[in-house]
1. I'm checking my understanding of the structure. Among residues of the range 70-129 that are surrounded by 14 or more Cβ atoms within 10 Å (Cβ to Cβ) and of a type in the set (Phe, Trp, Tyr), which one is nearest to LYS24 (Cα to Cα)?
2. Could you please find all residues in the range 96-124 being in contact (Cβ under 8 Å) with a residue 24 or more places away in the chain and part of a loop (DSSP other than H, G, I, E, B)?
3. Whether any residue in the range 18-27 is open to solvent by 50 Å² or more (accessible area, probe 1.4 Å), under 20 Å from PHE129 (Cα atoms) and in contact with a helix residue (DSSP H, G or I) (Cβ under 9 Å, 6 or more places away or on another chain) is what I want to check.
4. Taking only the range 99-129 into account, find how many residues are modelled with pLDDT of 90 or more and among the acidic types (Asp, Glu).
5. Please find, within the range 16-26, the residue that is farthest from VAL52 (Cα to Cα) out of those that are aliphatic (A, V, I, L, M) and over 16 Å from the mean Cα position of the chain (by Cα).
6. Just to be sure before I move on: is ASN11 polar (S, T, N, Q) and surrounded by 15 or more Cβ atoms within 10 Å (Cβ to Cβ) in the structure I sent?
7. Pick out the one residue from ASP65, ASP43, ASP60 that is out of contact with any His (no Cβ under 8 Å at 6 or more places or on another chain), open to solvent by 70 Å² or more (accessible area, probe 1.4 Å), under 26 Å from ILE114 (Cα atoms) and of a type in the set (Asp, Glu).
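The values are calculated or read from the model by the stated rules, or taken from the named source; none is laboratory data. Worth saying up front: this structure is predicted, and the values here are computed from it rather than measured. Neighbour counts are summed over all protein chains in view; Cβ atoms, including those assigned to glycine, are modelled from backbone coordinates with ideal geometry. Each accessible area value is taken on the protein alone, full model and side chains, heavy atoms only, with ligands, DNA and RNA left out. Shrake-Rupley method; radii C 1.70, N 1.55, O 1.52, S 1.80 Å.
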Amino acid sequence: MFCKNCGKEINENQAICLSCGVKKGTGSTFCENCGQTVAEGSDVCLNCGVAVKKSGAAGDLAGKDKTTMIIVCLFLGGIGIHNFMMGETKKGILKIVLTCCTGLGGIFALIDLIKICTDKYEVNPDKFF
């Protein structure tokens, strides 16, 4: 496994790259499989043929269509369906609990809706908010 930011070899159990200090999986300059440079915007590494995983940059909705995510967030956001669709299970469960117990899930869904509309939403399955 290689760092996607600097291309140095890293152990699969490491949380960060010891060479550049960036969180594992962050970056898009180098292939995670072979460590070679990947052309910007490329979906596949031209050296080894492995699909390039996009990092959770702002505006990237885990490969989902922006219009679809806006509609889902608008109508089902209070129970976190849009979070489940983007792979953010922790956020989805938290919104279900907040909606059932306090009704606050809808407020957080509104915040997510605004972020999705303005391309500021960052998909991160490890975070609650």
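1. The qualifying residue nearest to LYS24 (Cα to Cα) is TYR121.
2. ASP119, LYS120, TYR121, GLU122, VAL123, ASN124
3. No, the conditions are met nowhere in the range 18-27.
4. Residues in the range 99-129 being modelled with pLDDT of 90 or more and among the acidic types (Asp, Glu): 1 in total.
5. Within the range 16-26, the first condition is being aliphatic (A, V, I, L, M), and the residues that meet it are 16, 18, 22.
Narrowing the set further to residues that are over 16 Å from the mean Cα position of the chain (by Cα) leaves 16, 18.
Numbers: ILE16: 19, LEU18: 22 Å.
For the range 16-26, the residue satisfying everything is LEU18.
6. So ASN11 fails the test.
7. Working: ASP43 fails: under 26 Å from ILE114 (Cα atoms); ASP60 fails: open to solvent by 70 Å² or more (accessible area, probe 1.4 Å).
Sole residue among the options that is out of contact with any His (no Cβ under 8 Å at 6 or more places or on another chain), open to solvent by 70 Å² or more (accessible area, probe 1.4 Å), under 26 Å from ILE114 (Cα atoms) and of a type in the set (Asp, Glu): ASP65.
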